[in-house]
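Each remark here refers to the structure printed beneath this line.
The values are calculated or read from the model by the stated rules, or taken from the named source; none is laboratory data. Keep in mind the model is a prediction, meaning the values are calculated, not measured. Cβ coordinates were reconstructed from backbone atoms using ideal geometry, including for glycine residues, and neighbour counts include every protein chain displayed.
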Amino acid sequence: MDSIPAVRVQSLIACQRRLLSEILFFQLFKKVILIIEVAMSNSSSLIIQDISECFEFRNELLKAISFIPFGICSTISNTILIIAILRNTHLRYRHEMQIVCALSVADFVEAFATVCGGVYRILIILLNLKDQKFHLLQCMLLPHSWLWRWSDFATSFMLLTTTCDRILSVIFPLKYMRWRSTYSYIAIGLPYALSALLSMFAWHRSVTKYAEISMLCTNVYISPIFYMFSKYLTAASSVLSVILYIPTIFIVKIQRKQMSHILTNSQIARQHRAQVRMTMTLAISCFATFFLDALPRAMGIYGILDENSTEAGKQCEGVMQVLFHLTKLNSIINLFLHYHRNPALRESVLNVVRMFYIVLHIEKRTEVVKYLS
């Protein structure tokens with residue numbers, strides 16, 4: 001008789017537990033439904049602060065003008081370097097120069113997008129069109145918008161690729177010299193393709209959320225989470241390219257000591273010396289990368305993190321955005337560095353400069369003749 005109440009108590013406790021679990025599950029289900037409904041409502045609309053609340057004509061114009069000198073100088077520098085490498089048969093078939101050229105292409109795209117973006121914003125400000133409205137997708141469809149997204153990833157990934165290439169060249173020097181063009185296709189195609197893939201996520205906000213913003217099209221059309229992710233990822237990639245270069249330099253120093261005792265002047269020895277010299281050249285470039293690429297990216301996004309953290313996005317960009325222009329200086333320094341330390345590239349660069357000078361001189365003479373006639 002004593003066991004019956006105990007069984008009833010156990011069954012009652014079991015029923016209470018089942019009932020409690022069902023209630024908790026039902027409440028959890030309601031919360032999930034509520035979250036989905038909120039997400040769906042947010043996907044159709046977005047609250048963005050009006051640009052008139054933060055717009056100052058002088059400040060915004062100066063920020064737009066700052067795009068031009070950095071973008072033009074970097075565009076010219078990378079154009080010269082790309083043409084110099086491609087015109088020289090000896091240079092364009094070397095793995096390391098192909099990767100340097102690919103890095104310059106990414107830098108060129110970013111610089112060209114910077115010039116286009118600067119000119120666009122200056123025209124919008126001067127023509128007083130800032131109060132005209134664009135949809136988020138219209139801003140994303142502007143050429144400089146999607147070029148920026150791809151080149152932002154590509155430049156940092158190619159810096160890391162350059163470091164990895166130098167590591168392979170000093171660890172496996174003989175194998176590196178025998179590798180075919182497939183190596184270059186993989187080394188260049190992989191970061192390019194990965195950059196294209198990641199840049200597609202920048203379209204998410206403009207496609208899934210509806211809002212109208214100023215025709216000035218500042219970075220508010222991009223998700224602040226994606227923007228922060230992209231800047232920190234590219235900064236981490238740039239920093240990693242510097243860190244990995246440190247052991248590479250020590251390996252090169254050891255190889256230099258070994259080569260100093262070798263008096264042979266065979267083709268393999270000459271190629272190995274050229275690889276070592278190229279590695280040290282890019283080591284100097286890597287040092288500049290840390291101060292002109294990795295740090296500006298990290299500090300720039302850290303400075304504007306609070307501005308982009310709210311859902312009601314601000315349409316005016318902070319002053320810290322100017323730090324991102326320093327990445328253009330890094331590509332400019334690369335031209336002068338390669339010019340100074342690579343005799344073959346120096347001659348090719350001089351030929352390109354002479355070619356541009358001749359073309360400009362002929363055009364000027366043609367204009368004078370037309371004017372006089």
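Take the residues in region 45-78 that are farther than 28 Å from S151 by Cβ and among the charged types (D, E, K, R); name whichever of them is modelled with the lowest pLDDT.
D50
Could you pull out the residue among F112, F134 that is of a type in the set (F, W, Y), within 30 Å of T208 (Cα to Cα) and outside any helix (DSSP H, G or I)?
Within the list F112, F134, the selection yields F134.
Looking at Y371, Y357, which is the one that is surrounded by fewer than 10 Cβ atoms within 10 Å (Cβ to Cβ) and hydroxyl-bearing (S, T, Y)?
Checking each option against the conditions leaves just Y371.
Does L335 meet the test of being in contact with a helix residue (DSSP H, G or I) (Cβ under 6 Å, 6 or more places away or on another chain) and either more than 29 Å from F291 (Cα to Cα) or assigned to a helix (DSSP H, G or I) (or both)?
Yes.
Restricting attention to region 257-309, and to residues there that are charged (D, E, K, R) and more than 18 Å from N342 (Cβ to Cβ), which single residue is modelled with the highest pLDDT?
D293
Quick one: count up the residues across region 94-123 that are over 23 Å from S195 (Cβ atoms) and touching a helix residue (DSSP H, G or I) at 6+ places or on another chain (Cβ under 8 Å).
Within region 94-123, residues that are over 23 Å from S195 (Cβ atoms) and touching a helix residue (DSSP H, G or I) at 6+ places or on another chain (Cβ under 8 Å) number 3.
All but one of (1) in a helix (DSSP H, G or I); (2) of a type in the set (A, V, I, L, M, F, W, C); (3) over 17 Å from W150 (Cα atoms) hold for L197; which doesn't?
Here L197 meets the rest and fails (3).
Could you please let me know if V207 is part of a helix (DSSP H, G or I), over 14 Å from E96 (Cβ atoms) and modelled with pLDDT under 90?
In short, yes.
Filter region 138-166 down to the residues that are of a type in the set (S, T, Y) and closer than 22 Å to F291 by Cβ, then identify the one that is farthest from the chain's Cα centre (by Cα).
T163
Could you please let me know if S169 is over 13 Å from the mean Cα position of the chain (by Cα) and in a helix (DSSP H, G or I)?
Details: over 13 Å from the mean Cα position of the chain (by Cα): yes; in a helix (DSSP H, G or I): yes.
Against the criterion (over 13 Å from the mean Cα position of the chain (by Cα) and in a helix (DSSP H, G or I)), S169 qualifies.
Out of the residues in region 86-129 meeting the condition of being surrounded by 18 or more Cβ atoms within 10 Å (Cβ to Cβ) and basic (K, R), tell me which one is farthest from I51 (Cα to Cα).
Step by step, filter region 86-129, then rank; the result is R94.
Here is a yes/no grid of residues against (1) assigned to a helix (DSSP H, G or I); (2) surrounded by 20 or more Cβ atoms within 10 Å (Cβ to Cβ); (3) at pLDDT 85 or above; (4) charged (D, E, K, R):
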site: A202; (1), (2), (3), (4): yes, yes, yes, no
site: L216; (1), (2), (3), (4): no, yes, yes, no
site: F226; (1), (2), (3), (4): yes, no, yes, no
site: T234; (1), (2), (3), (4): yes, yes, yes, no
site: S238; (1), (2), (3), (4): yes, yes, yes, no
site: I246; (1), (2), (3), (4): yes, no, yes, no
site: I249; (1), (2), (3), (4): yes, no, yes, no
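Kindly provide the set of residues from region 334-354 that are among the β-branched types (V, I, T) and surrounded by 16 or more Cβ atoms within 10 Å (Cβ to Cβ), ordered by number.
V349, V352
Let me confirm something: among L216, L159, L198, L174, which residue is within 16 Å of C286 (Cα to Cα) and either touching a helix residue (DSSP H, G or I) at 6+ places or on another chain (Cβ under 8 Å) or without any contact (Cβ under 8 Å) to a residue 24 or more places away in the chain (or both)?
L159
For region 92-112, indicate whether the set of residues that are more than 25 Å from S169 (Cβ to Cβ), out of contact with any Asp or Glu (no Cβ under 6 Å at 6 or more places or on another chain) and among the charged types (D, E, K, R) is non-empty.
Within region 92-112, the first condition is being more than 25 Å from S169 (Cβ to Cβ), and the residues that meet it are 109-112.
From the residues that got through so far, the ones that are out of contact with any Asp or Glu (no Cβ under 6 Å at 6 or more places or on another chain) too are 109-112.
Imposing the further condition that a residue be among the charged types (D, E, K, R) reduces the set to 110.
The answer is yes, given that some residue of region 92-112 is more than 25 Å from S169 (Cβ to Cβ), out of contact with any Asp or Glu (no Cβ under 6 Å at 6 or more places or on another chain) and among the charged types (D, E, K, R).
Please verify whether region 153-172 includes one or more residues that are surrounded by 19 or more Cβ atoms within 10 Å (Cβ to Cβ), of a type in the set (D, E, K, R) and closer than 27 Å to M228 by Cα.
Within region 153-172 (the criterion being surrounded by 19 or more Cβ atoms within 10 Å (Cβ to Cβ), of a type in the set (D, E, K, R) and closer than 27 Å to M228 by Cα), the answer is no, since none of the residues qualifies.
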